[in-house]
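Chemist: Attaching a single structure in structure tokens format; questions to follow.
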Amino acid sequence: MKSSSSSSTRAVARSLAGAAIAALAMTAAHAASDVRVLLGVDPADTTGDVLLSASLGPAQSLGRALGSRVTITQTSRMFDVMRASRTVENDIIIAPAHVTASAILHEYQLLATSGQDQVYVLMAKKGIDSVDKLPHKRLYLPQQDSLRSYVAKGLLTDSGVKLNQFSKVTYGNTSGAGLVALSFDMADVTITDEAQAKQWIATHPGGAHILKTTRPVPGGMSIVVRKDFCVTECARIAEWINSPDGVIPGIGRFRIASADAGKQFTYVASLGIATPEGVKGATRVSADQVADLMKQGVTLVDTRTQKEYDSEHVRGAILAPYGEKSLKEIDFDASKDDYHAIDALPKDKPLILMCNGTECWKSYKATRHAVVAGFKTIYWFRGGMPEWREKRLPVDGTAGASMARTTAPAKSGGRAVVAASH
């Protein structure tokens, strides 16, 4: 009798254990089906006053449309939003034009836009009648990775002017403060949109003038969807966009993008500050060459952050973060950066340095430092994660696993989660 009872107890235990494992498996499958949405709010733009509560309704309605739990993370840290456009860690990104342009280059598809086209201008004080007079002047820009600062740097680079040529560069949080700075002689040049510039000139005759102008840039916010996710879900997202629920308070209604809408974002992407083509003392290599070198035992060094590495990295790469504080320029001030992780690597062994592609300066700066520090053999993988991803070469990390999904998300009643990051 005791033996029978013991067997029965073990059977029950096995049954409960099996049920627990099944429940955990279902929970993991459910978590894997969560739809991750990043809402990047540019504090220097008109959408900068979007409230966190404004995301709750769209998260719920989009969740119902997709039949999945939707997590919307809202942040005004544009540096993080730009980084996310390259790491492919979100299913959907809702953000301004420069983030959209970057995302389109990195495995995302443009789905919808909002707002009207904007033209941005460099405004200069009286007496500065040409771009070549800008060196040694004072420049005011909004947040460093805001759209306005992005296009300002593009206009300056196009004119051959570097940020370190200014006597002072001030970063604020709003574009309007730049015009105030001009008024009170706290700055000599700033960036603003054309409408604001003309209005300011009308009320301050003779005070300043338009020095340089962009082509039309998509205004408002745009929606991009990761390409593999778009295959199964873009039709449903489009239905949500066209429904009465497809509105985010403070941003307005989105429109499905036309077939040629991407051309404007190509122009925006061209304003981006790309790294130089090469580094003296290092050999630039492609993704295929990196794969061959790794087979020969050469170490691939990922210079991005721990978060980016955990999200997705080249299989076999090691992490040595480059602490970037200097400006994204050829003549960057290396004394502002932290490169102790690079210095900890053996200098007598060959290494490959990489980050997030041609607009990511960390690997460029790390390569420059490695040359100066006396590393014996240095390779620079300029194309980084975007090129590796494009070649469909092996990756590890949470985003890499997500990219491998081929089935539609499981139904989960359209629950919503909203998070904020300021």
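Chemist: Of the residues that make up the range 394-414, is at least one out of contact with any strand residue (DSSP E or B) (no Cβ under 7 Å at 6 or more places or on another chain) and modelled with pLDDT of 90 or more?
Modeler: Yes, some residue in the range 394-414 is out of contact with any strand residue (DSSP E or B) (no Cβ under 7 Å at 6 or more places or on another chain) and modelled with pLDDT of 90 or more.
Chemist: Could you give every pair whose Cβ atoms fall below 9 Å, whose first residue belongs to the range 92-112 and is outside the structural domain of Pro43 (by TED's automatic domain parsing), and whose second residue is surrounded by 24 or more Cβ atoms within 10 Å (Cβ to Cβ) and among the charged types (D, E, K, R), counting only separations of at least 6 or pairs across chains?
Modeler: Short answer, once both residue conditions are applied: none.
Chemist: Would the range 345-356 turn up any residue that is within 23 Å of Thr398 (Cα to Cα) and part of a loop (DSSP other than H, G, I, E, B)?
Modeler: Yes; the residues of the range 345-356 include at least one that is within 23 Å of Thr398 (Cα to Cα) and part of a loop (DSSP other than H, G, I, E, B).
Chemist: Can you pull out the residues in the range 232-253 that are surrounded by 19 or more Cβ atoms within 10 Å (Cβ to Cβ) and either among the hydroxyl-bearing types (Ser, Thr, Tyr) or modelled with pLDDT under 95 (or both)?
Modeler: Gly246, Ile248, Ile251
Chemist: Another question, if that's okay. Name the helices (runs of 4 or more DSSP H) wholly within the range 139-214 that hold at least 1 residues that are of a type in the set (Val, Ile, Thr) and closer than 26 Å to Thr275 by Cβ?
Modeler: Qualifying helices (runs of 4 or more DSSP H): 147-158.
Chemist: Pairs needed: first member in the range 367-382, more than 22 Å from Ser335 (Cα to Cα); second member anywhere, assigned to a helix (DSSP H, G or I) and not charged (D, E, K, R); C-beta distance under 6 Å; at least 6 residues apart or different chains.
Modeler: Between residues of the range 367-382 that are more than 22 Å from Ser335 (Cα to Cα) and residues that are assigned to a helix (DSSP H, G or I) and not charged (D, E, K, R), the close pairs are Phe381/Val290.
Chemist: Follow-up question, since we're still on this one. I'd like the full set of residues that are assigned to a loop (DSSP other than H, G, I, E, B), under 18 Å from the mean Cα position of the chain (by Cα) and not aliphatic (A, V, I, L, M), limited to the range 255-285.
Modeler: Gly272, Thr275
Chemist: Still on this structure: Name every residue in the range 164-186 that is more than 22 Å from Val119 (Cβ to Cβ), touching a residue at least 24 places away in the same chain (Cβ under 8 Å), out of contact with any helix residue (DSSP H, G or I) (no Cβ under 7 Å at 6 or more places or on another chain) and hydrophobic (A, V, I, L, M, F, W, C), in order of residue number.
Modeler: Phe166, Met186 - these are the residues of the range 164-186 that are more than 22 Å from Val119 (Cβ to Cβ), touching a residue at least 24 places away in the same chain (Cβ under 8 Å), out of contact with any helix residue (DSSP H, G or I) (no Cβ under 7 Å at 6 or more places or on another chain) and hydrophobic (A, V, I, L, M, F, W, C).
Chemist: Suppose we filter Ser146, Ser130 for residues that are closer than 18 Å to Thr214 by Cβ, surrounded by fewer than 18 Cβ atoms within 10 Å (Cβ to Cβ) and either among the small types (Gly, Ala, Ser) or assigned by TED's automatic domain parsing to the domain that holds Asp331 (or both); which single one remains?
Modeler: Ser130
The values are calculated or read from the model by the stated rules, or taken from the named source; none is laboratory data. None of these values were measured; they are calculated from a predicted model. Neighbour counts are summed over all protein chains in view; Cβ atoms, including those assigned to glycine, are modelled from backbone coordinates with ideal geometry.
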